[in-house]
Structure formats: C-alpha cells, structure tokens
Amino acid sequence: MSIIPENRHLLVNPIDEDHNIDNTVQLLMPEDFRPPQSQYVVCEVLDIAQDSKFYNTMIQKIVIERRMLHEVTIGSETNYLVLENYVFGRLQ
C-alpha cells in the first residue's frame, strides 16, 4: 500500500548513488560506517499530488536537497515524499 501524495507533495523513490570503491585499497572500518553523501539526491517520481504545479507534467527524475526528503514508514512499507518547493530541477 503506497501513500497517495496530497498538499503539493511528490511521492518519490531516491536513487542510490554508486560509490565505486577501488578494490586495491582495503580499510578496516566500523560496521555502521557510511561514506559521506552528497547533500543532493536524484529521485524517480512515482506520483504527484493533484494540487501540485507539477501535476499533469511529464517528470521522471528530479533533483532535491537530501534533508528535505521525508521518509514515511507505515507498517512494513516505506515511502518517500518531498514538497514541490524543494525540487531544484528535473532531469531529462
């Protein structure tokens, strides 16, 4: 069950960045270590609220600021929402 976005929100799927690690260098790191991430993230647009200015617009991917991505977990399903004001741009 996915959320139907309302109030100018976009339902998105963040696209994980590939961190290419050179196999010639190996470091022992704590298990919970995560490499630094960019402050921006590319997201695939899954659905758009009807009152959004992007509604009825062909948008496949957008760029947003990572901290503006809202993770909403209901039951066992996680959805990601972002307010239309935080969309920096569309990718073609």
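In table form, for the structure just shown:
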item	result
Residue, nearest to PRO5 (Cα to Cα), within region 47-92, restricted to residues that are out of contact with any Lys or Arg (no Cβ under 9 Å at 6 or more places or on another chain) and among the polar types (S, T, N, Q)	GLN50
Condition broken by CYS43, with the remaining ones in (1) assigned to a loop (DSSP other than H, G, I, E, B); (2) within 17 Å of SER2 (Cβ to Cβ) satisfied	(1)
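Laboratory data are not the source of any read-out in this text; all were calculated from the coordinates shown. The shown structure was predicted, so the numbers you read here are calculated from the model rather than taken from an experiment. FYI the Cβ positions are ideal-geometry reconstructions off the backbone, even for glycines, and counts take in every protein chain you see.
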